[in-house]
Structure formats: structure tokens, C-alpha cells
Amino acid sequence: MAQAIISEDLTIEGDLVAKDSAVIVNGRVKGNIAAKAIEISATGQVTGSLSAETVTISGEISGRVTCTDLALSATARVQADLTAESLTSSKGARVSGRVEITGR
């Protein structure tokens, strides 16, 4: 799968769409991201909505997350409404918002 990597020193303002690719956020995004897979690294920050099959969060998200599989690492800081079929969370992850796990 192709990857689009947003480096630590990069800030993007606007929406990103990568239907068949993965987006890895090491920097900042102010906007919505739609992709096959999304990873927010420990240095990554997103203000907006995430929509993907797989979302992995180690950094910060403020907004909304909609996905099939959601994974939160110990360094995740989430202020968002979460909707996923499955959720995996490591001890230390922080979540503030509505959480809906459908289990389908």
C-alpha cells in the first residue's frame, strides 16, 4: 500500500483524501483525512475528522474518528467522538468524547 507521510516540521491546512493509500501524520493537520489507513504518530496532531478502515493513534486528535479498527497507544490523546467496529487501547491512552464500538 502506498503511503503519504506528513513530516514533523510540516503543517497542512485543508482536507486530505487517499482512498487506496495510508496517511502517516508526524506533523500537524488542520482538516479532515480520509484514507485506507491512518496513523497519527506520537509527534502527530490532527484537528478534524479521520475516516479509514484502520486508524492507529499515538499522538493527538481533536474532532471525530470513524473506522473499522481503532488502536490507541499509551501516548494517545483523544478529544473526539469515536465510532469503530473494534477498539484496542493501551494503558495510558486518554480519551475524552463519545465512544461507540459496534462490534460488527
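The values are calculated or read from the model by the stated rules, or taken from the named source; none is laboratory data. Source: prediction; values computed, not measured. With ideal geometry, Cβ positions are generated from the backbone for all residues, glycine too; neighbour counts draw on all protein chains shown.
Remarks
- Screening region 74-104 for residues that are under 18 Å from Thr47 (Cα atoms) and of a type in the set (Ser, Thr, Tyr) and picking the one that is farthest from the chain's Cα centre (by Cα) gives Ser96.
- Residue check for Ile24: farther than 21 Å from Gly97 by Cβ, modelled with pLDDT of 95 or more, crowded, with 16+ Cβ neighbours inside 10 Å and of a type outside the set (Gly, Ala, Ser): yes
- Here Arg104, Arg64 are screened, and the one residue that is surrounded by fewer than 20 Cβ atoms within 10 Å (Cβ to Cβ), within 16 Å of Ala35 (Cβ to Cβ) and basic (Lys, Arg) is Arg64.
- Residues located in region 40-79, provided they are among the aliphatic types (A, V, I, L, M) and farther than 18 Å from Lys91 by Cα: Val46, Leu50, Ala52, Val65
- Considering the conditions (1) surrounded by fewer than 13 Cβ atoms within 10 Å (Cβ to Cβ); (2) within 11 Å of the chain's Cα centre (by Cα), Thr11 is excluded by exactly one of them, (2).
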